[in-house]
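What follows is a single structure, written as structure tokens, with notes after it.
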Amino acid sequence: MTDGPRQRGCSAASGGDAGPESGKESGEGGVTLKKEIGLVSACGIIVGNIIGSGIFVSPKGVMENASSVGLALIVWIVTGIITAIGALCYAELGVTIPKSGGDYSYVKDIFGGLAGFLRLWIAVLVIYPTNQAVIALTFSNYVLQPLFPTCFPPENGLRLLAAVCLLLLTWVNCSSVRWATRVQDIFTAGKLLALALIIIMGIVQICKGEYFWLEPANAFDPFQEYDVGLIALAFLQGSFAYGGWNFLNYVTEELVDPYVNLPRAIFISIPLVTFVYVFANIAYVTAMSPQELLASNAVAVTFGEKLLGVMSWIMPISVALSTFGGVNGSLFTSSRLFFAGAREGHLPSLLAMIHVKRCTPIPALLFTCLSTLLMLCTSDMYTLINYVGFINYLFYGVTVAGQIVLRIKAPDMHRPIRISLVWPVIYLLFWAFLLIFSLYSEPIVCGLGMAIMLTGVPVYFLGVYWDNKPECFNSFVAKMTYLGQKFCVVVYPGETKGAGNGEEGEELKESQAPLSQDDGETQKSADC
């Protein structure tokens, strides 16, 4: 779901949203990002991040839970509208609290450090690893499905190929920012080719009169009984495909004229993505019945086999290219959130450090890779999607609620973008419906997600809130940080300037002290 923007040198590799702040505070030695993202690039960031593996995976999950073709299409349209409303709410927050870290920063500033930490905790442990696992498993499915035309690929094979994909791209991202961006550019073409092929073939099918499942009488003929809880799960499946719409808020500091371009990019991009998604799903049902779609583990491959004949190999290759690039994009952008969290003292400083020569966030990438490999223990993509969808929507709702709280607490605060409170209220009503019925339908999956999130509470109080830690603990952390720096050959970008202030800045300084003393020349080379 995440195709990141082109980055610039060392600053991007470090997750450099912090760059502008550090540059302003220090004037030297910090990581400075320029305002170079215009309207076209902003639209590209949103569209590129949203359109990933979701449109090739979620149609089956949406159809299965919606219980009819007509309701499934309504789910795709409504999810697009709700996504646009959420993006508008985030646009106001993004220019009111112009900080890096997106919703993590908003939640932390409005509701306090614990709430912000829980957002970061669940993103680090669940959202990024699960998202990357789903995309990697989708890649495996589309690569292996042609080799197993009469049955599903073996689960162990799916996991192994997904792991190989993940390890290869982690190595690419650790090696060079330039390599990672080139991989992203090349494989984005596969994504666009696959969707263009699907939509064009769907239009041809409709022109031939193949629209039986689009006629109202047939479209709303359920193949199983409608269930409100299942419909909520259908929305969760659809929301996974729209994931990434809030990524522009992570680069607000780099936008040219953000007060104008942020809302414009949203108005252009979200309707465009909704159009593509709805017409891709319409195309699917012009060639397949709902039963055929549900029986397929690789919807686009089955679609291509029915309509492309001997050229059907184009579809799995195109989707595989798209999803391969999706894994790369997710790995590439995840360091931004890690950097913001480490700057605030909510994550170990090691996770925000970059390689002294390659300027790549090796510790963050290795951590993400390992956590994603653990997620690959299950190859059930639809459970993973429900899992991450519930947690994502939980914090989307908390963030939008924060917009209303901020209006009440600080009514006179300068807001370059100010939307009607009707929109966050509509979003929260939909949010409440989704979470309540998701809990009802999948209590174990949702409950497990809540439990993992709550494990962050003792971690916060022990690791962040508790200031007077024993000297032996501080010494242990400093030694582990030093070993991590030595092993990965990394340092904190811009030294301690702008990395934090007060006690947090001092902690970072202490953790880097061993390397600064022993490797002065190495430390200097970090200021890329």
Checklist entry - Looking at (1) of a type in the set (S, T, N, Q); (2) in contact with a helix residue (DSSP H, G or I) (Cβ under 6 Å, 6 or more places away or on another chain); (3) open to solvent by 10 Å² or more (accessible area, probe 1.4 Å), which is the one condition that is false for residue 138? => result (3)
Next on the checklist: If I go through the range 306-326 residue by residue, how many of them are surrounded by fewer than 20 Cβ atoms within 10 Å (Cβ to Cβ) and either assigned to a helix (DSSP H, G or I) or in contact with a Cys (Cβ under 8 Å, 6 or more places away or on another chain) (or both)?
Outcome noted: 6
Checklist entry - Looking at the range 203-225, which of its residues are aromatic (Phe, Trp, Tyr), in a helix (DSSP H, G or I) and touching a residue at least 40 places away in the same chain (Cβ under 8 Å)? => result 213
Checklist outcome for this item: Per the list (1) part of a loop (DSSP other than H, G, I, E, B); (2) open to solvent by less than 10 Å² (accessible area, probe 1.4 Å), residue check on residue 72 breaks on (1)
Checklist outcome for this item: Filtering the range 301-314 down to residues that are within 19 Å of residue 58 (Cα to Cα) and at pLDDT below 80 yields 301
Checklist entry - Among the residues of the range 436-466 satisfying the criterion of being within 24 Å of residue 109 (Cβ to Cβ) and not in a helix (DSSP H, G or I), which is nearest to the chain's Cα centre (by Cα)? => result 455
Checklist entry - From the list 200, 186, which one is assigned to a helix (DSSP H, G or I), β-branched (Val, Ile, Thr) and modelled with pLDDT of 85 or more? => result 200
Checklist entry - When you scan the range 220-270, how many residues do you find that are over 26 Å from residue 390 (Cβ atoms) and not acidic (Asp, Glu)? => result 15
Checklist entry - Looking only at the range 438-497, which residues are under 18 Å from residue 347 (Cβ atoms), among the aliphatic types (A, V, I, L, M) and in contact with a strand residue (DSSP E or B) (Cβ under 8 Å, 6 or more places away or on another chain)? => result 490, 491
Checklist entry - Can you pull out the residues in the range 413-435 that are aliphatic (A, V, I, L, M) and either touching a residue at least 12 places away in the same chain (Cβ under 8 Å) or part of a loop (DSSP other than H, G, I, E, B) (or both)? => result 413, 417, 419, 421, 425, 426, 428, 432, 434, 435
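Listed here are the residues, each with its yes/no results for (1) charged (D, E, K, R); (2) at pLDDT below 90; (3) surrounded by fewer than 24 Cβ atoms within 10 Å (Cβ to Cβ); (4) within 16 Å of the chain's Cα centre (by Cα).
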residue: 49; (1), (2), (3), (4): no, yes, no, yes
residue: 60; (1), (2), (3), (4): yes, yes, yes, no
residue: 76; (1), (2), (3), (4): no, no, no, no
residue: 81; (1), (2), (3), (4): no, no, yes, no
residue: 88; (1), (2), (3), (4): no, yes, yes, no
residue: 110; (1), (2), (3), (4): no, no, yes, no
residue: 132; (1), (2), (3), (4): no, yes, no, yes
Checklist entry - Limited to the range 281-295, what total is found for residues that are open to solvent by 10 Å² or more (accessible area, probe 1.4 Å) and over 17 Å from residue 200 (Cβ atoms)? => result 5
Checklist outcome for this item: Checked the range 252-306 for anything without any contact (Cβ under 8 Å) to a residue 40 or more places away in the chain and within 17 Å of residue 215 (Cβ to Cβ); matches are 288
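The values are calculated or read from the model by the stated rules, or taken from the named source; none is laboratory data. Computed from a predicted model, the values in this text were never measured in an experiment. A quick note on method: Cβ atoms are made from the backbone with ideal geometry, for glycine too, and the neighbour counts reach across all protein chains shown. Surface accessibility is based on the protein's heavy atoms, side chains included, excluding ligands, DNA and RNA. Shrake-Rupley method; radii C 1.70, N 1.55, O 1.52, S 1.80 Å.
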